[in-house]
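A.B. asks: One structure, as structure tokens, below. Some questions next.
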Amino acid sequence: MIHQAKLSRLALTISLACAGVPAAFAAEEGFLGGASATLHARNYYFSRDFSDIVGPSTQSKAEEWAQGFVLNAQSGFTDGPVGFGLDAIGLLGLKLDSSPDRAGTGLLPGAYGEQAPDDYSRLGVAAKMRISKTVLRVGELQPNLPVLTATDNRLLPNTYQGASLVSNEIDGLTLQGGQLRSTSLRNEAGDGEMATIIGYRPNFSATSDRFNYAGADYAFNGNRTSVGLWYAQLEDIYNQRHASLKHSQPMGAWTLGANLGFYDSAEDGDQLIGKLDNQAFYSLLSAKHGGHTFYLGYQAMYGDDGFPRLFVTVSPLGNEVPTYEFASPDERSWQLRYDYDFAAMGVPGLVAGVRYLKGDNVDTGRGFEGKDFERDLDIGYVLQSGALKGLGVRVRNVTARSNYRTDIDENRLILTYTWKLF
């Protein structure tokens, strides 16, 4: 049972996020009329067994179970040529099972050898201003960008603190820019400067309080084709350029798709982690027919280093998957994937997928070629009727093997439910 004090923390988070609308704003119909709020509950069991461990760690297992709540509340904008509003996010994580010898799953604060707290929480607010089709936000942000992908693969999502600008003044063209000053990681209540992951290795030798980005995406051809150009800079650590092309093409009963992209990354400014040289190409082709979707992916790393990104985030690389990234120096990797939506057989809400990825040509720096593979199996179901309508259940099983990094066997069980508050 969840302790009464923990429920009180959740109630406090919800009340803080929803309350306190200034009278001047409340008088404007647009501010309240466009408001919405949801409460998302997530029960998460995560287990990883390690073998053939590479590195100083002696931990053979990471296993934890937790309950999370995510409150998202958004106002509309006040009336007039310049509209103002507020967004709020409340996060609460509750420990259900953990121990120091099994910690470090990313669900809860703490690493191997540390006792996870019973709970952790955070409340963040962002002020927003709209002029025409351009919106400025300042405060707690959840950007989802090619150079900083939204990461929500544990109990609670990452958030960032800074400013963002999104403009849609020209049909089909989205312009974005911003600066982030700090981050709150998926398993912490506080915030701090931003570090990196290079390939699969976190690098905490230096951090930065400036992540600057700018980019443009243009959709055309009936929104079936889009191109993008982006730039990002983690000040004094790395800078990055990105180009992408996405296309969807109906062909009779089939729909063919292509997702292609290229990154070019280098050291920046004072080079706080030293020189950096990476170019990354990815491609993911798809073919959909009825409930069937088939994927074929190819990904290649060039340069002296692995692919850089903020810690701890995922990337849009076509072959990045839940456990391995296939983004080590000089790595070449292939992916085969198959998804099926059972709605085509009259069972809506049931989906399943399996994928296999294989990489080689890794420059391990240890005198031998690195190789790895990963096999993922996912099954999910959302109840379509009854008292628990909308309850989602997802199961994931992973086998990942490598000759230069730790082998992993992984299982996840995730239950989700979302309430629309208003």
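A.B. asks: Which of the residues belonging to the stretch 246-303 are touching a Gly at 6+ places or on another chain (Cβ under 8 Å) and among the charged types (D, E, K, R)?
C.D. replies: K246, E267, D277, K288
A.B. asks: Among residues belonging to the stretch 292-329 that are touching a Pro at 6+ places or on another chain (Cβ under 8 Å) and among the small types (G, A, S), point out the one that is surrounded by the fewest Cβ atoms within 10 Å (Cβ to Cβ).
C.D. replies: G303
A.B. asks: Among residues belonging to the stretch 83-109 that are free of Cβ contacts under 8 Å to residues at least 40 places away in the same chain and not in a strand (DSSP E or B), point out the one that is surrounded by the fewest Cβ atoms within 10 Å (Cβ to Cβ).
C.D. replies: Step by step, filter the stretch 83-109, then rank; the result is S99.
A.B. asks: In the stretch 147-177, which residue that is touching a Phe, Trp or Tyr at 6+ places or on another chain (Cβ under 7 Å) and surrounded by fewer than 21 Cβ atoms within 10 Å (Cβ to Cβ) is nearest to R224 (Cα to Cα)?
C.D. replies: Ranking the qualifying residues of the stretch 147-177, first place goes to G172.
A.B. asks: Let me ask another. If you take just the strands (runs of 3 or more DSSP E) that sit entirely in the stretch 335-422, which of them hold at least 2 residues that are among the β-branched types (V, I, T) and without any contact (Cβ under 8 Å) to a residue 12 or more places away in the chain?
C.D. replies: Passing ranges: none, list empty.
A.B. asks: Working only within the stretch 324-348, note down all residues that are out of contact with any strand residue (DSSP E or B) (no Cβ under 7 Å at 6 or more places or on another chain) and more than 18 Å from S283 (Cα to Cα).
C.D. replies: Scanning the stretch 324-348 gives A343, A344, M345, G346, V347, P348.
A.B. asks: Further question: Of all residues in the stretch 110-123, which are small (G, A, S) and either farther than 28 Å from P56 by Cα or surrounded by fewer than 18 Cβ atoms within 10 Å (Cβ to Cβ) (or both)?
C.D. replies: Listed by number, the residues that qualify are A111, G113, S121.
A.B. asks: Return the residue satisfying two criteria in turn: it lies in the stretch 346-391 and is closer than 20 Å to Y295 by Cα and of a type in the set (G, A, S), and of such residues it is surrounded by the most Cβ atoms within 10 Å (Cβ to Cβ).
C.D. replies: Per the stated criteria, the residue is G359.
A.B. asks: Which condition number does G261 fail, the rest of (1) part of a strand (DSSP E or B); (2) surrounded by fewer than 18 Cβ atoms within 10 Å (Cβ to Cβ); (3) small (G, A, S) being met?
C.D. replies: (2)
A.B. asks: Considering each of T416, T406 in turn, give the residue that is modelled with pLDDT of 95 or more, touching a His at 6+ places or on another chain (Cβ under 9 Å) and of a type in the set (V, I, T).
C.D. replies: Numbers: T406 fails: touching a His at 6+ places or on another chain (Cβ under 9 Å).
Result of the check over T416, T406: T416.
Condition check ((1) touching a Lys or Arg at 6+ places or on another chain (Cβ under 7 Å); (2) of a type in the set (G, A, S)) across all residues:
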residue	(1), (2)
Q299	no, no
F307	no, no
E320	no, no
S328	no, yes
R355	yes, no
F368	no, no
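A.B. asks: Show the residue pairs meeting these rules: Cβ distance below 8 Å; 6+ apart or different chains; first residue within the stretch 223-249 and acidic (D, E); second residue surrounded by fewer than 15 Cβ atoms within 10 Å (Cβ to Cβ) and at pLDDT 95 or above.
C.D. replies: E235/G269; D236/G269; D236/D270; D236/Q271
A.B. asks: Which one is surrounded by the most Cβ atoms within 10 Å (Cβ to Cβ), of the residues in the stretch 35-78 that are assigned to a strand (DSSP E or B) and among the acidic types (D, E)?
C.D. replies: It comes out as E64.
A.B. asks: Which of the residues spanning the stretch 230-245 are among the hydrophobic types (A, V, I, L, M, F, W, C), surrounded by fewer than 19 Cβ atoms within 10 Å (Cβ to Cβ) and over 12 Å from D264 (Cβ atoms)?
C.D. replies: Here is the first cut: in the stretch 230-245, the residues among the hydrophobic types (A, V, I, L, M, F, W, C) are 230, 232, 234, 237, 243, 245.
Next, from what is left, pick out any that are surrounded by fewer than 19 Cβ atoms within 10 Å (Cβ to Cβ): 243, 245.
Passing the criteria: only L245.
A.B. asks: Just name the residue that is farthest from S286 (Cα to Cα) out of those in the stretch 203-250 that are basic (K, R) and not in a strand (DSSP E or B).
C.D. replies: For the stretch 203-250, the residue satisfying everything is R210.
A.B. asks: Looking at (1) of a type outside the set (F, W, Y); (2) without any contact (Cβ under 8 Å) to a residue 40 or more places away in the chain; (3) not in a loop (DSSP other than H, G, I, E, B), which is the only condition V125 fails?
C.D. replies: Among (1) of a type outside the set (F, W, Y); (2) without any contact (Cβ under 8 Å) to a residue 40 or more places away in the chain; (3) not in a loop (DSSP other than H, G, I, E, B), the lone unmet condition for V125 is (2).
A.B. asks: Then there is this: Take Q233 and tell me if it is closer than 24 Å to T174 by Cβ and touching a Ser or Thr at 6+ places or on another chain (Cβ under 7 Å).
C.D. replies: no
A.B. asks: Of all residues in the stretch 158-202, which are polar (S, T, N, Q), touching a residue at least 40 places away in the same chain (Cβ under 8 Å) and either in a loop (DSSP other than H, G, I, E, B) or farther than 25 Å from L86 by Cβ (or both)?
C.D. replies: Those that are polar (S, T, N, Q), touching a residue at least 40 places away in the same chain (Cβ under 8 Å) and either in a loop (DSSP other than H, G, I, E, B) or farther than 25 Å from L86 by Cβ (or both): N158, N187, T196.
A.B. asks: Which pairs turn up if I take residues in the stretch 43-63 that are within 15 Å of Y200 (Cβ to Cβ) and look for partners that are among the aliphatic types (A, V, I, L, M) and surrounded by 16 or more Cβ atoms within 10 Å (Cβ to Cβ) with beta carbon separation below 6 Å, at least 6 apart in sequence or on another chain?
C.D. replies: Taking only residues 6 or more apart or on different chains, the pairs are R48/A62; R48/I408.
The values are calculated or read from the model by the stated rules, or taken from the named source; none is laboratory data. This structure is a prediction, so every number in the text was calculated from the model and none was measured. Cβ coordinates were reconstructed from backbone atoms using ideal geometry, including for glycine residues, and neighbour counts include every protein chain displayed.
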